[in-house]
Every structure is written in structure tokens, then in C-alpha cells.
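Before any comments, here is the structure.
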Amino acid sequence: MKPAFGPRTLLHRIRGRLVFFFVALVLGCICLVSNKAVGHLFSIPPHSTAPEAADSGDWSTYKHCFRPDRLSPRRPRAIAEQTQLYHLAGAQLSELLPLQTAHVGGGIPWSAVTEKHPSLLTHEIVRESKETPAQAARWSISTPPEADGFLHVLVGKFPCAEHGLCALPWLIRPNSTDMRSLWNHFLENEYGLLLDAQNFDPEYILDAGGVGMAPVFFALLYPQATILRLDPHPSNFHVGLLNSLRLPNIKQVNLGLWDKETTLQMCDNVDIEWGPDWPFEGSQQQAYFSREPSDPPCKKVAVDGIHVARLSSIMQTYNIPRFDLMKVDIEGAEFRAFKEPSMKRILSETTLFLAELHDWVIPGAVKSVRDAFRAVGGFTHFAYDENDAWIRTRAISACHVE
């Protein structure tokens with residue numbers, strides 16, 4: 001005999017189903033809140049191949065966001081603002097060489113310079129504000145070179161990991177942009193964000209392009225790192241090599257970056273960037289153009305026959321597993337270099353990427369780099385000085401950007 005199906009039974013069934021749905025709703029809300037709380041605790045946004053939070057801040061937003069995985073004795077930025085340049089005579093330079101040889105890898109302790117050779121500091125190059133590139137380098141034009149053909153400069157009171165404050169002698173080419181580059185790197189702190197990143201301690205660093213000042217900057221801050229410097233221009237490469245002979249952790253390779261191994265023609269773009277009144281004969285303000293029929297011809301040839309290769313091939317040759325820090329300033333060659341098949345893997349393994357991009361040299365250069373990072377995902381883009389920068393999002397902790 002079937003039980004009666006009356007109003008009381010129907011009410012019990014409805015009540016049971018309402019309780020079930022209410023419990024399910026409560027459990028779902030708890031899970032959702034928990035996931036958000038965990039995500040906020042570790043500040044790890046979800047992996048995405050969408051555009052990488054373009055224009056989401058500057059370095060002041062992110063400098064305190066590195067995880068303290070490996071502490072390093074980084075010096076405060078205020079110390080770097082004490083850095084000064086001094087003019088050296090040839091005889092004074094020879095006095096410094098024994099000191100530099102005795103302290104391989106970390107620069108010369110500043111205390112050793114002030115105690116043993118105070119006379120070196122009598123010719124200070126006055127720091128001025130609001131200078132144009134020409135004004136900042138006029139000293140190198142008016143000062144005659146030494147017997148070796150270079151101007152001699154002492155970089156003093158620069159922060160370094162091993163001695164706190166260091167000094168290092170520097171050779172610069174007369175009538176060139178070398179003096180301005182020295183000014184940018186050591187007085188104006190072009191990469192001074194690394195002085196703020198107290199807990200960032202890269203093991204492998206790439207320096208692509210320039211005259212070899214950035215890798216010395218990196219070597220003084222990270223004496224245990226392996227630094228690979230690449231530049232295809234023979235004169236730029238040579239002067240950078242001379243200025244880092246006593247820094248054994250810098251590997252120097254006279255190659256440029258491209259999407260294949262080939263030989264290119266280097267164009268001199270000084271007139272395009274700075275105008276016909278630019279006062280220097282020698283300049284590193286150049287860009288790369290291949291000699292293929294589809295590429296625009298050089299209006300003025302700087303070097304005919306530079307060698308370029310894929311970054312992945314160079315890494316394999318020199319046994320570099322990855323780059324924790326990448327600095328790229330290759331005057332437009334990024335248009336082709338970032339299209340190599342292995343670039344996605346290389347970028348996926350880096351933590352901080354700094355680049356001065358040159359869309360005006362080769363249209364599409366900026367897009368090539370941005371597309372590469374979009375394909376990788378998991379990076380946050382920000383602006384720093386004249387550089388575009390990408391930081392791995394998972395390296396940011398205890399940091400929430402509204």
C-alpha cells in the first residue's frame with residue numbers, strides 16, 4: 001500500500017531541496033573567497049597570454065616587490081648619487097693599475113684610493129644638471145688624448161657588492177659619445193633601479209649593445225654573476241673589452257643579435273637621430289640593416305660585414321642556461337632578433353628585462369618585442385627612464401597595484 005502523498009510530504013521534499021541548494025551556495029562562496037584570499041596573499045595573478053598589463057606603472061611601483069629568496073649586500077641608491085668622475089693623466093693611471101690587479105672582480109676599494117693616492121682626486125669633472133648630450137661630453141672634446149689615444153677617467157665612489165664603495169679607471173675615445181654614456185651609467189644611474197632591488201641577485205646576465213659600460217656596472221653589483229656581453233661593432237666592442245679586462249665574470253663576444261646567422265651592413269644613423277650638427281665623429285648611435293634586397297639601403301655605411309646570430313645559438317656555444325637579467329639596446333635589431341624560434345623559451349626563463357627600443361630606426365621593432373612577451377605571458381610591463389621593462393609577475397610579492 002503506497003503512502004499517502006499529501007501536502008505535508010510535498011513540503012518536506014521542497015524543504016530538503018532548499019536546504020541542499022543553500023548548503024551548496026554557501027560552500028561555493030567559501031571556496032571563491034578562499035581562492036581570492038590565497039591569490040592576494042601570494043600576489044600571483046593568473047597566468048595569461050593577454051597583453052601584459054601594458055603601461056601599468058613605473059619602477060617606484062615595483063622596486064619593493066622582489067621576493068627575498070637570496071639576500072645580497074646591495075647598497076642604497078643614495079650612495080650612488082655620490083659617484084663622481086675624475087680626470088687622470090697617463091702617469092696617474094699607471095699608479096692605479098696595481099690596485100686594480102690586487103682586487104680582481106670587485107673594483108678598487110675607494111678607501112685605498114683616498115688613503116694611498118689622494119692626488120688622483122685633484123681633477124674632478126664637475127657634475128652639472130640639465131645637460132644636453134653635447135654639453136655633457138664637451139670635456140672629452142677639449143681635452144687632448146693620452147699617448148695611448150684614449151682619455152683617462154676615474155669613476156669614484158660607486159657602490160659595489162664587495163667593498164661598499166669602489167673606484168675604477170676608464171678609457172674613453174676622444175670626440176665620441178663615450179663620455180656621455182659614462183655619465184649616464186654611473187652618475188645618472190641609467191640602471192639604478194638595480195640598486196633599489198635589494199633582493200634581486202641574478203646568476204646570468206645578458207648585455208646586448210652599447211660600449212661595454214653596463215656590464216661593468218652589473219659586474220660591480222653582482223660579482224658572482226656570469227655576464228655575457230654582445231656587440232658587433234668592432235670599435236665599440238674593443239673599447240668595452242679594454243675596460244673590463246680585470247673583470248673575469250664578463251664574457252665578451254663580438255656578435256650582434258638577429259634571427260639567423262649571417263653577415264650584415266651597419267648603418268650610421270647619427271644624422272637621423274641627432275641632426276647634422278652633432279659634434280662627434282665617432283658614435284655608437286648606429287643601427288643594423290641586412291643587405292637583402294627587401295631591406296632599406298644605408299645612407300651612410302658605418303661598418304660593412306658585421307656578424308650576427310641567434311641568441312639561442314650563442315647561449316649554447318657559451319654554455320649559458322638562461323638569463324635572469326636581460327639588458328638590450330641594439331638600435332632596431334630587436335625587430336628581427338625577437339622573431340627567432342627559441343625567443344619564447346628564453347624570455348620565459350628571465351626575471352627582469354630592460355630594453356631601449358628603436359621603432360624610429362626599424363618600424364615594428366617595438367611590436368616585435370611586445371608580441372614576444374605577449375606570447376610568453378606572465379610578465380608585467382612598466383616604464384623606466386628611456387627603457388621599457390618587463391618583470392616576471394610571479395617575482396612580485398606583497399605588492400598590489402590598484
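The values are calculated or read from the model by the stated rules, or taken from the named source; none is laboratory data. Predicted, not measured: the structure shown is a model, and the values here were computed from it. Virtual Cβ from ideal backbone geometry, glycine too; neighbours counted across all protein chains shown.
Details
- Top-ranked residue of segment 347-373 - restricted to ones that are of a type in the set (A, V, I, L, M, F, W, C) and in a loop (DSSP other than H, G, I, E, B), ranked as nearest to Val328 (Cα to Cα): Leu357
- Verdict on Leu354 being assigned by TED's automatic domain parsing to the domain that holds Asp196, in contact with a Lys or Arg (Cβ under 8 Å, 6 or more places away or on another chain) and surrounded by 17 or more Cβ atoms within 10 Å (Cβ to Cβ): yes
- For segment 352-360, the condition holds for at least one residue, the condition being that it is out of contact with any strand residue (DSSP E or B) (no Cβ under 8 Å at 6 or more places or on another chain), of a type in the set (A, V, I, L, M, F, W, C) and under 24 Å from Glu190 (Cα atoms).
- Residues located in segment 374-395, provided they are among the aliphatic types (A, V, I, L, M) and either within 19 Å of Pro202 (Cβ to Cβ) or at pLDDT 90 or above (or both): Ala375, Val376, Ala389, Ile391, Ala395
- Where strands (runs of 3 or more DSSP E) sit wholly within segment 139-225, those with at least 1 residues that are touching a residue at least 12 places away in the same chain (Cβ under 8 Å), assigned by TED's automatic domain parsing to the domain that holds Glu386 and crowded, with 24+ Cβ neighbours inside 10 Å occupy 204-208.
- Among the residues of segment 317-346, those that are part of a helix (DSSP H, G or I) and either of a type outside the set (Ser, Thr, Tyr) or closer than 22 Å to Thr380 by Cα (or both) comprise Glu334, Phe335, Arg336, Ala337, Met343, Lys344, Arg345, Ile346.
- Options Leu242, Leu228, Leu255: the member that is touching a residue at least 40 places away in the same chain (Cβ under 8 Å) and within 16 Å of the chain's Cα centre (by Cα): Leu228
- Residue among Gln265, Gln252 that alone is in a strand (DSSP E or B), modelled with pLDDT of 90 or more and either not assigned by TED's automatic domain parsing to the domain that holds Gly107 or not small (Gly, Ala, Ser) (or both): Gln252
- All positions within segment 312-328 that are out of contact with any helix residue (DSSP H, G or I) (no Cβ under 8 Å at 6 or more places or on another chain) and either within 13 Å of Val361 (Cβ to Cβ) or charged (D, E, K, R) (or both): Asp324
- Screening Ser235 against (1) surrounded by fewer than 24 Cβ atoms within 10 Å (Cβ to Cβ); (2) outside the structural domain of Ile125 (by TED's automatic domain parsing); (3) closer than 22 Å to Tyr384 by Cα leaves a single unmet condition, (3).
- Any hit, segment 204-216, residues being modelled with pLDDT of 95 or more and over 26 Å from Gln265 (Cα atoms): yes
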